[in-house]
């Protein structure tokens, strides 16, 4: 199993929780971390840990000057654009790309072995786009046919789209990839990428029928952030308009769905570090 991750060193604590959740549930594989600033000491420490789980990690350093002028959300860095480079820097047939703000609750093999039916990408519908009446996939969990991405010249097309001032990119890299792969992606159930979307009031109260294989903490509200509901006047408005619950109003704190699972894997990571 080939899993691609991409982030900057400042996000390492959250990345490590994602990695810990994966190796705790999936027997073996290789991580490819696309980055610019992770030191070799971090990779050495992580490699030592992963060996006992039959996993390994490969340092894929890249040049990020292409992306420095690209716009994204305040809580997201330009590392979100690194996934464009997957077909240019990896010589494998298939990869599972994962954002670093998610956890796996079970073995990812079932997702990795999905029949791609000759599509270049397999993904889950983006729940926020669905509210906007748009048919788009969420770019945080992508099963990728690398050869097809290379044939599609994804990196080159992505740069061209970013530089085309006539195109509005509401969701940064996600908008770009949906343009490139419009009507060329296979939709799968949100069991494989349940998006919490706590900042989006129209979708935050969704409840899955079963524990998702992947819980993806989308939008700026994460298990580890200070998710206050605002001053008293804003909280009153949000409660009256049913955007927060009574408990959230009283505690002035948003509840992030499945946050306990994130802290479960964070606590394991902390124990591993403390034991060294």
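Given the structure, is residue 86 more than 27 Å from residue 266 (Cα to Cα), at pLDDT 95 or above and part of a helix (DSSP H, G or I)? I'd like the intermediate steps shown before the answer.
Working: more than 27 Å from residue 266 (Cα to Cα): yes; at pLDDT 95 or above: yes; part of a helix (DSSP H, G or I): yes.
Judged against the criteria, residue 86 is a match.
Restricting to region 127-151, give me the number of residues that are modelled with pLDDT of 95 or more and either within 19 Å of residue 98 (Cβ to Cβ) or buried (at least 17 other Cβ atoms within 10 Å of the Cβ) (or both). It would help to see each step written out before you state the result.
Step one: of region 127-151, the residues modelled with pLDDT of 95 or more are 136-151.
Within this subset, residues satisfying the condition of being either within 19 Å of residue 98 (Cβ to Cβ) or buried (at least 17 other Cβ atoms within 10 Å of the Cβ) (or both) are 136-146, 148-149.
Final tally of qualifying residues: 13.
When you check residue 214 against the structure, is it crowded, with 18+ Cβ neighbours inside 10 Å, within 25 Å of residue 71 (Cα to Cα) and modelled with pLDDT of 80 or more, yes or no? Show your work before the answer.
Values: crowded, with 18+ Cβ neighbours inside 10 Å: yes; within 25 Å of residue 71 (Cα to Cα): no; modelled with pLDDT of 80 or more: yes.
The answer is no for residue 214.
Report the residue count in region 257-276 for those that are at pLDDT below 85, part of a helix (DSSP H, G or I) and closer than 18 Å to residue 53 by Cα.
7
Return the pair list, or none, for Cβ contacts closer than 9 Å from residues in region 1-21 that are farther than 22 Å from residue 89 by Cα to residues that are modelled with pLDDT of 95 or more and part of a helix (DSSP H, G or I), at least 6 apart or on different chains.
16/46
From the list 89, 103, exactly one residue is free of Cβ contacts under 8 Å to residues at least 60 places away in the same chain and touching a strand residue (DSSP E or B) at 6+ places or on another chain (Cβ under 8 Å). Which is it?
89
Cβ-Cβ distance below 8 Å, separation of 6 or more or different chains: which pairs start in region 43-65 with a residue that is under 19 Å from residue 95 (Cα atoms) and end on one that is assigned to a loop (DSSP other than H, G, I, E, B)?
Filtered contacts from region 43-65: 54/27; 54/28; 55/28; 59/38; 60/90; 61/36; 62/36.
Quick check on my filter: what residues within region 44-74 are under 19 Å from the mean Cα position of the chain (by Cα) and exposed (fewer than 11 other Cβ atoms within 10 Å of the Cβ)?
Within region 44-74, 71, 74 meet the criteria.
Modelled with pLDDT of 95 or more, within 18 Å of the chain's Cα centre (by Cα), crowded, with 21+ Cβ neighbours inside 10 Å and within 20 Å of residue 223 (Cβ to Cβ): which single residue out of 103, 34 fits that description?
Numbers: 34 fails: within 20 Å of residue 223 (Cβ to Cβ).
One residue alone meets the criteria, 103.
The values are calculated or read from the model by the stated rules, or taken from the named source; none is laboratory data. All figures in this text were calculated on a predicted structure; none of them were measured in a lab. Positions of Cβ are generated from backbone atoms using ideal geometry, with glycine treated the same way; all protein chains shown enter the neighbour counts.
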